[in-house]
Amino acid sequence: MGNGMTKTGLYLRSFTDAKDTDQLGRNKITHIISIHESPQPLLQDITYLRISVADAPEVPIKKHFKECINFIHCCRLNGGNCLVHCFAGISRSTTIVTAYVMTVTGLSWRDVLEAIKATRPIANPNPGFRQQLEEFGWGSSRKLRRQLEERFGESPFRDEEEVRALLPLCKRCRQGSASAAASPAPNSTASEGTLQRLVPRSPREAHRPLPLLARVKQTFSCLPRCLSRKGSK
């Protein structure tokens, strides 16, 4: 997904990009969220949502999540393309886009941010905004997702699939192994599966470090599968 597109219908860019009429036209941008100290509508024929927020850890940016998420979702459902920008397209706008993608996919903010970095490596919310994303993931994102489904129905987008496709192969292997470990086969033993050993069986075992060889094996156990999957693409 080039041209700064984070996912279908959603772009994460800078203030400079937000006033580049050629780029906006090329990407068919219909809606813009401007989130910085003094946001102003710059262009006609574009629907704006202006959020005045400083890029400081103590600023409560999460109070704007619901409004921004509804704005982005309505835009996409109506066939539009939404660009979210702050000044540099690094912290504030990344935080808003991360909150939206968390809501529509159910993924953690860490996974979402990692996927965003695949298309925009400079994306980097400040520590305070990261903490607010963590808190948002404790329950508010799921609640807001239910509200979106009640209001608009089931999403027609393949959001989770798009985001997972941007995650590193090894991370996807771990997620797949974790899902399998959560639903073990009836005849499986406690020793089967790499990730099962990450959960200690007793308080005494919790404080016993794994031998070096076991840790190395645990880390690289998915390497053959990752390489074969990458080679098959």
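Just so you know, all these numbers are worked out from the coordinates, no wet-lab data involved. Predicted model only: the values in this text are computed from it and were never measured. Here Cβ is always computed from backbone atoms with ideal geometry, including for glycine, and neighbour counts include all displayed protein chains.
Here are some pairs, 28/62; 117/143; 63/143; which of them have Cα atoms lying more than 22 Å apart in this structure?
Going by Cα-Cα distance, 28/62; 117/143 fall outside the 22 Å limit.
Can you compute log10 of I(q)/I(0) for region 5-166 with the Debye formula, treating each Cα as one identical point scatterer, at q = 0.13, 0.18 Å⁻¹?
Ignoring solvent entirely, the Cα scatterers give -0.54, -1.10.
With a Förster radius of 30 Å, plug the Cβ-Cβ distance of residue 160 and residue 38 into 1/(1 + (r/R0)^6) and report the FRET value to the nearest 0.05.
0.25
Mind checking the full-extension length gain between residue 135 and residue 26? Use 0.36 nm per residue of separation minus the Cα-Cα distance, one decimal, nm.
35.6 nm
Based on the mean of other beta carbon atoms within 10 Å per residue, what is the order of 130-136, 8-14, 66-72, most packed first?
The densest-packed peptide leads the list: 8-14, 66-72, 130-136.
Sort the following peptides by mean Cβ neighbour count (other Cβ atoms within 10 Å, averaged over residues), highest first: 151-160, 101-110.
101-110, 151-160
What is the local net charge at residue 120, summed over the other residues whose Cβ is closer than 15 Å to its Cβ (Lys, Arg +1; Asp, Glu -1)?
+1
Given a cut-off of under 8 Å on Cα pairs at least six residues apart, what relative contact order in percent is computed for region 5-166?
Computed over region 5-166, the figure is 27 percent.
What is the distance, in nm, between label points placed 7 Å from the Cα along the Cα-to-Cβ direction at residue 67 and at residue 146?
2.5 nm
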